[in-house]
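Structure record follows, encoded as structure tokens.
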Amino acid sequence: MTMPLLTLRGVERRYPAGDTEVTVLKGVDLDIEAGSMVAIVGPSGSGKSTLMNILGCLDRPSAGTYQVAGEATGELDSDALARLRREHFGFIFQSYNLIAHLPASANVEVPAIYSGRAPAHRHARAMELLTRLGLGERLQHRPGQLSGGQQQRVSIARALMNGGQIILADEPTGALDSHSGKEVMAILHELHQAGHTVILVTHDMQVAAHAQRIIEISDGCITADHANVPAGSAAEPARQAQTPRVEPSPSAGLRAWWGSFLEALRMAWISMVTHRLRTALTMLGLVIGISSVVTILALGAGARAAIIGQISQLGTATINIYPGINFGDTNPAHMRALKPMDVRLLQRQPFVDFVSPEVGTSSLLRYRDRKGTAQVDGVDANYLRIIGSAVHLSDGIWFRKDAVTHMAQVAIIGYHAAAELFPHVNPIGKIIMVGSMPATIIGVMAKPSGLLAGNSKTLSVWMPYTTVASHLVGHDWFDTITVRARKGMSSKEAVKRITQLLTRRHRSKDFHIQNLSSIVKTINKVTGAIELLLALIAAISLVVGGIGVMNIMLVSVTERTKEIGLRKALGAPPGAIRRQFLIEAAILGLSGGILGAALGIGAALLLPGLIGSSIVVSPVAVALSIVVAVAIGFVFGVYPAARAARLAPIDALRTE
Ligand code: ADP
Ligand code: MG
């Protein structure tokens, strides 16, 4: 006689009962030969199922040893036990335990998914097995559409999917009418004839009579163990044990991984579709969070681009020097810091393209009987080059260098001044009074556009700064000096050199410098801070969305505890279960993210029309928020997934 296939020695199983323990199996010694058909009989509550679960590696003994084909199970971890179940055992349960939302063929395929068979192979084998069991016409029927006998045949096909070397059937006929019960027993007979080891639990002696060997168990102890001449097949000589073909496990773990990945995707999809409303509500938080982030970022980027675009029109590489150590400085001595000497000094510097001082005042403008208060700016001949493209002459000319040298009484008037004082005549060549000084108009400025336009209807006049200094303000210091650095000189470097130069000449830093890049920097800082704040608020809603995902995943784990237990019994390792729930959570996140991004872009496209601002939808930001949504789903799915993976197969199977 060869070595027994299954060997139990001194197996005990105790369950905690309140403060004490109950011992359900009390030192069971048992050998089961390959190819035998064994019935375990005994009254209800005697420990038959407990023994069966230990035989099937769904449960571990509290004491004693159990060997499967020479392999001691005591040392194996849950992954190894899952492999053992996949490779050696086929389970048939009293209540069939089919997955309700999968058709018959998909139910049969489940064990092969976890052992990594190719889909084509799986489909073909499931079809072959079901056809052999007389269900060829019912491949796509769901369990609910099949009779009890048919469901039990589906579960037999499932038990054979990976070879089913050892068939464990716990009360397989218990839920069936006598006709279907006979059918099932006939199939088990055939399997035994074909070389499968069949272990059958029953409390029905008539059913047990089919077996070659009957083990009686009572109150956790084996009370009898005897050979039996099976009814019906009595004439047949007992076959020599001939182990059936055990499907070799595919070598590549990658295919098993990919198979269970696809299975997880499908399960996630089915679970989401079956609970549409719940899924939608779960995603709502994520959708709101992601869409607000996307909208806020788009609006923020749009507003910033608009502001910076307008500022750039003010002239690009100019640097403005102001008197006073900062904008708030009111020290009168500091107000006089910028002098003509500074202008001449700066003009001599090789890194300077040109220098343009400015001094302003407000004066009464008068032409005949029309008058108005105007802002008078004393500027240089090169003023137009400084202000850049935002403003230009609409008529006449600008004054030249010699007008500055000679303090010429010439003026260029602004658009509003022209409209106010000269509604009907061309102002060019006319003489106006600026305060008490007469001046000839030589040019008219076009209506300003962009940021410079503002809302003000201020009347403006430009004159040589020397003229304004001597005739209107009566002092020689400037309000500002504008410098443009030569090409190739960075404005940062230019600012540094100007600061050094003027500080040395003034013997103190009684001025401050602003350039475009510092303004842009400030704007970026301010808008960035606002965006960050808004994004933070949106992020909170994302976290809330994530908690929603976790909540629903936990519900889903609880709801599917039995299915998880079944999948484990059929050979799913903990990793596959964890992966499945993580994928489900990530898919929730992905769907929420995509939906949210679409909604956010939609809102961002719609809003400018309503609030009159521009938007810039950055693909990077959109992609990033979708990634964030997936990550949130994933992170908040970790805990539920771990919980599902940790479930003991037998505890999970027992829940209703
Ligand atoms: P049966 O022979 O009817 O299949 P079982 O093996 O299912 O009997 O149960 C044997 C005994 O063990 C019963 O008294 C039952 O109450 C107890 N039992 C089974 N499972 C558990 C459990 N998880 N916790 C506590 N007691 C259990
Ligand atoms: Mg039982």
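What follows draws every value from the coordinates through simple rules; no lab data is involved. All values derive from a computational prediction rather than experimental measurement. Backbone-built Cβ (ideal geometry, glycine too); neighbour counts: all protein chains shown.
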Cubic angstrom per residue, convex hull over Cα atoms of region 71-213: 120
Rank these for me by crowding, I386, I270, I156, going from fewest to most other beta carbons within 10 Å. I270, I386, I156
Reduced to Cα centres, the span from region 99-168 to region 27-46 in Å works out to 27
Positive-end residue of A645, A194, I319, charge dipole of the chain with Cβ unit charges: I319
Decide, for region 294-430, between rounded, prolate and oblate: order the square roots of the alpha carbon gyration tensor eigenvalues as a ≥ b ≥ c, take rounded if a/c falls under 1.5, and otherwise choose prolate if a/b is larger than b/c, else oblate. oblate
Karplus-derived 3J(HN,Hα) from phi for region 333-346 (6.51 cos²θ - 1.76 cosθ + 1.60, θ = phi - 60°), whole Hz, x at Gly and Pro, runs 5, 5, 5, 9, 5, 8, 10, x, 4, 4, 4, 5, 4, 5
So what is the 222 nm mean residue ellipticity for the chain from helices alone, if each DSSP H run of at least 4 adds -39500 (n - 2.57) and you divide by all residues, rounding to the nearest 500 deg cm²/dmol? -15500 deg cm²/dmol
Helix 178-193 sits at what angle to the longest principal axis of the chain, using alpha carbons and giving 0 to 90 degrees rounded to 10? 90
Enclosed volume per residue, in Å³, of the convex hull spanned by Cα atoms of region 433-514: 173
Below 13 angstrom from the Cβ of G64, what's the summed charge of the other residues (Lys, Arg +1; Asp, Glu -1)? +2
Whole-angstrom gap from region 172-211 to region 316-374, using each part's C-alpha centre: 106
Does region 468-509 come out rounded, prolate or oblate, given a ≥ b ≥ c as the square roots of the eigenvalues of its C-alpha gyration tensor, rounded meaning a/c under 1.5 and, failing that, prolate meaning a/b above b/c? oblate
Past 18 Å, Cα to Cα, is the threshold; run K401/K447; K371/K430; K26/K48 against it and keep the listed order. K401/K447
Positive-end extreme of charge dipole, the chain - chosen from V544, T466, V379 (charges on Cβ): T466
A correct Kirkwood calculation over the Cα atoms of the chain returns a hydrodynamic radius in Å of 32.6
Rounded to the nearest 0.05, what FRET efficiency do Q514 and D369 give with R0 = 45 Å and r taken as the Cβ-Cβ distance? Could you check? 0.60
Relative contact order [Cα under 8 Å, 6+ residues apart], the chain, whole percent: 17
